[in-house]
1. Among the aspartates and glutamates, which have Cα under 18 Å from the Cα of Lys549 when same-chain residues fewer than 8 positions away are ignored?
2. Expressed as a whole percentage, what fraction of the accessible surface of the chain belongs to carbon and sulfur atoms when a 1.4 Å probe is rolled over the protein heavy atoms?
3. As an exercise, use a Förster radius of 35 Å and the Cβ-Cβ distance of Thr533 and Arg435 to find the FRET efficiency, rounded to the nearest 0.05.
4. Return the calculated 222 nm mean residue ellipticity for the chain, to the nearest 500 deg cm²/dmol, obtained by summing -39500 (n - 2.57) across DSSP H runs with n ≥ 4 and dividing by the residue count.
5. Taking R0 as 51 Å, what FRET efficiency do you get between Leu178 and Asn85 from their Cβ-Cβ distance, rounded to the nearest 0.05?
6. So how exposed is Asp411, as accessible area in Å² (1.4 Å probe, rounded to 10)?
7. So what is the diffusion coefficient of segment 76-228 in µm² per second by Stokes-Einstein at 20 °C and 1.002 mPa s, using a Kirkwood Rh over Cα pairs?
8. Sorting Thr326, Thr72 by accessible area (1.4 Å probe), largest first, what list results?
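The values are calculated or read from the model by the stated rules, or taken from the named source; none is laboratory data. In this text the structure is predicted, and so the values were computed from the model without any measurement. Using ideal geometry, Cβ is built from the backbone for each residue, glycine included, and neighbour counts are taken over all protein chains shown. Side chains included, ligands, DNA and RNA excluded: accessible areas come from the protein's heavy atoms. Shrake-Rupley method; radii C 1.70, N 1.55, O 1.52, S 1.80 Å.
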Amino acid sequence: MVQERMEELIKIINQASYEYYVLDNPTITDQEYDDYYMELLALEKKYPDLKREDSPTNRVGGNALDKFEKVTHEAPMLSFDDIFNEDEINAFDERIRKVITNPVYTIEPKMDGLSGSLIYRNGVLVRAATRGDGITGENITLNVKTIKTVPLRLTKDINIEVRGEIYMSKESFEKANLERETLGQNLFANPRNAAAGSVRQLDSKITAKRNLDFMAYFIPNPEDYGIKTQSESLAFLKELGFLTNYKLNTIANNVNEIIEKIGELHHKRKSLPFAIDGAVIKVDNLKDEEKLGYTTRVPRWGIAYKFPAEEVLTTLKEIKFTVGRTGKITPNAIFSPVHVDGSLVSKATLHNEDYCKEKDIRIGDVIVVRKAGDVIPEVVEVKFERRKADSIPFKMIDNCPMCGTKLVKEDANYFCPNKNCPARHTENLIHYASRDAMNIEGFGDNIVEDFYNMGYIKNVVDFYHLDKYKDELMSLEGFGEKSIIKLLASIEASKQNSLERLLFALGIRHVGAKTAKILARNYKNMDSLMNATYEELSEINDIGDIIAKSIVEYFNDEKNIELINKLKENNVNMEYINNNYRESENFAGKTFVLTGTLMNTTREEATLIIENLGGKVSGSVSKKTTAVIVGENPGSKYTKALSLNIPIWQEEEFLDKVSEANNE
Ligand code: IVH
């Protein structure tokens, strides 16, 4: 009886959610919904053994995880090549027409989020994963269950994998940023980053609050369901209860129609409730897709057309000069805030004096701005015809805006030569706390500057002494008790960061986040990196001459050693922590050589996968080599392996072994 009622309630509530969130057409009132929900919750509390996997009460999130478990995709999760103009659309169509006569294409909005894979068994959602490197992703099932537009149970009791985009609507993005602003947290740059950040939360209760959505667009094994075209796949997904872009997806029969349909999507872009960054063109007929197949990296049967960056008009209000970590002075355009490609922007770098003069940019000008590389705003041009007669030409400043010291010019840039200029310090501190560095959440630019000016933080070690001033800080105007407790907690948590974050945070010249990672992986701890010689460093792949020199120079400076020792005294972790490391029988302690082009992964990714499972990748074949992993068109390493009788693993076999290792 109870079980039947629970089942019935789950059905009613899931149906109501579907009507509300997917169809946008509710048939029961909020009050009715709440009543059913409370009834189900009460029954599940009373009979926990009867609680089901597809229960909507799972949508609020579960217990927090320590880390995400790795999962291997049943079929690699690929993406398409990007194209940017009509010529490239033509070239794509020509390539297709060499193999297929009269191809038909689907034109779909290119959702701007992150792709996810959902696996259903007997119609019940059992696993959700991120794309990861395409071969292995992360298990985010608990988080995905909180997404209202993900059906927990399908309309058919089938086994199926469904792929689509996890994204945040424009409305939820604005709301999330408003909330972050009031809490003094860093703002999300755009809805895609917001979605990515929200879905990778170890605590699914946080994800639940972020209001994500899921748009389904792909079935990896459509033939299992008698599907013959991509259009049928989309219709089937809709039938199963998924949100699909059925109002926007269209068909095109030739290049003109492709361009026309993409134009229509572009036109609608602004008014859509979610961000799209282009259109995806796919060959509709699955038999044709099969004929076209794959290149070494991507499907030949589809392509992603990216819209040109959106250009928006605004007015230049001010040119503000900032002082960087090295003392470099940068002019910045401060303009009336405008929405560009889904986020609100109000400033852009103007690089240096020459750039400003070349553009002849003046305060009061109407300017065109866009986002370069999807993220960083830039000024494209000045609308001279709208310039006011009394506008004043740009003039570089002579003195540092922070300390007043006379600036010196080096090549195209001006520098503040004062080593004790407060701006240098605050920039260092802001960088240290920033997201890709020590990720001390809550320490945005303004708070760091305030704390610096009030004397609480003069250098990075002071972050770790802030707790001494806890009471004092809590009484500061504008800082609630809660926010100070949060700040202190994130400082404490930052002590456990893996080495690469600290290396990047220290601001060693030429050591960006990626280089820091390579260094941490190779040296494992700060002490061995400190002892590394120039020769050793420059032997590492991707560490060039300039970087190697800069690292050696950094560790030759007594002051830097002193700083590191102080951080050590404050228990800041100096070791590389590889969360992905899990020794596996097939790989641990073994040495592999890669040769030829791998179909489903890059060499860099394959190396990382092997290292994470405890193996090593070597550049040359010897008797000690465990196996040579062979892609397309292998080179001399392959012949050498054959002559030495070293086992050969084709890429498939390698992936199977990785799969096995991940399921061990
Ligand atoms: S199909 C083999 N359809 O854009 C690719 N992808 O390169 C199968 N995306 O990473 C994916 N909208 O995350 C497909 N309607 C759509 C899409 C879409 C967005 C993403 C996807 C992929 C990239 C395409």
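1. Partners within reach: Asp527, Glu535, Glu536, Glu539, Asp557, Glu558.
2. Numbers: 16260 of 33730 Å².
Carbon-and-sulfur percentage of accessible area, whole number: 48.
3. On the way: r = 32 Å, r/R0 = 0.93.
So, using R0 = 35 Å, E works out to roughly 0.60.
4. Working: 24 runs with 241 residues, N = 664.
Theoretical 222 nm ellipticity from helices: -10500 deg cm²/dmol.
5. Details: r = 37 Å, r/R0 = 0.72.
Step by step, r from the Cβ atoms, then E = 0.90.
6. 150 Å²
7. Numbers: Rh = 17.4 Å.
The estimated diffusion coefficient comes to 123 µm²/s.
8. Details: Thr326 75, Thr72 20 Å².
Descending order: Thr326, Thr72.
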